[in-house]
1. Per q in 0.12, 0.21, 0.23 1/Å, what log10 I(q)/I(0) does a Debye calculation on the alpha-carbon atoms of segment 109-223 return?
2. Please work out the C-alpha center-to-center distance from segment 126-179 to segment 38-111 and express it in whole Å.
3. Distances over 25 Å make up what percent of all Cα-Cα pairs in segment 3-104?
4. Once the Cα atoms of helix 90-100 and of the chain are each reduced to a long axis, what angle between those two axes, in degrees from 0 to 90 to the nearest 10, is obtained?
5. How far is helix 106-125 tilted off the main Cα axis of the chain, in degrees rounded to 10, range 0 to 90?
6. Counting only Cα, what are the radius of gyration and maximum Cα-Cα distance Dmax of segment 48-196, in Å?
7. At q = 0.10 Å⁻¹, what is the base-10 log of I(q)/I(0) for the chain according to the Debye formula with one equal point scatterer per Cα and no solvent? Please give it to two decimals.
8. Roughly how large, in nm² to one decimal, is the mean projection of the convex hull of the alpha-carbon atoms in segment 239-323?
């Protein structure tokens, strides 16, 4: 089968993921590392772009004069087209990409960062400015106030954005002169020393931003906040690091929100790892441990932290405190 016939039929019977502009397509494909083919048709012109693991890797352009492939096809895309995106198995996409690989992506990505940057800047213009925070301060502030908002850190020619829903970091976007990254890929670009400007933003607006930039793996964010999470076992006089393990029917709970409260004040909040672990640097004493699971159910435990209890296991269904 000729490649022209293959590309015209390859998406038939495949799952239709939606219709997108070019910048929306980059954002959506990157957010879940999709494999697939996107198709745009305008009068007698047809555009095809192939994605592997969320990255655009191939392009084909057809009109009445013939077919062009790869970089030449990519340059025919203006950015105003509407693409129908279909999920396709990676082996089929790879076979296609072998014939139409894109090596120079600057033309395709050039307009995308500007569109997203302008969109976010317009959101900020209509939102309340809160203040400037280091990363760990940002987590503490948003968690305490259950903030809905967007934070931006600008350094040189790159920008990091974090979107918060109900005090939790749920979306991430990274922009530089080479393009934009979303979701977990954007999180990996955060070093931890950035200063973020936070804006209160309407929840429905934040939800819209998060839809294309959702964070699924929050481990890197936790690692980037050294003032919140310290080396386990390192102690000072009256101070130490408390490690909590959250279980449910003895199964570790990943992605659960854990907050430590004393005398009505939230001292720290974090999200559990794949092993159900979370850590806090605290003074020795008695605390309330507030856990919000994925179903938004709140459970409170009363815990005591001292030299003899640096590790505590909590089971959400047992409702009793187990000490290690």
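None of the figures in this text is laboratory data; all of them are computed from the coordinates on show. None of these values were measured; they are calculated from a predicted model. With ideal geometry, Cβ positions are generated from the backbone for all residues, glycine too; neighbour counts draw on all protein chains shown.
1. Treating every Cα as an identical point scatterer, log10 I(q)/I(0) equals -0.35, -1.20, -1.48.
2. What the calculation gives is 33 Å, centre to centre.
3. Numbers: 345 of 5151 pairs.
Here the long-distance tail beyond 25 Å is 7 percent of all Cα pairs in segment 3-104.
4. It is inclined by approximately 50 degrees.
5. It works out to around 50 degrees.
6. 18.8, 62
7. Each listed q maps to, in turn, -0.67.
8. Numbers: hull surface 19.5 nm².
Mean orientational projected area (segment 239-323, Cα hull): 4.9 nm².
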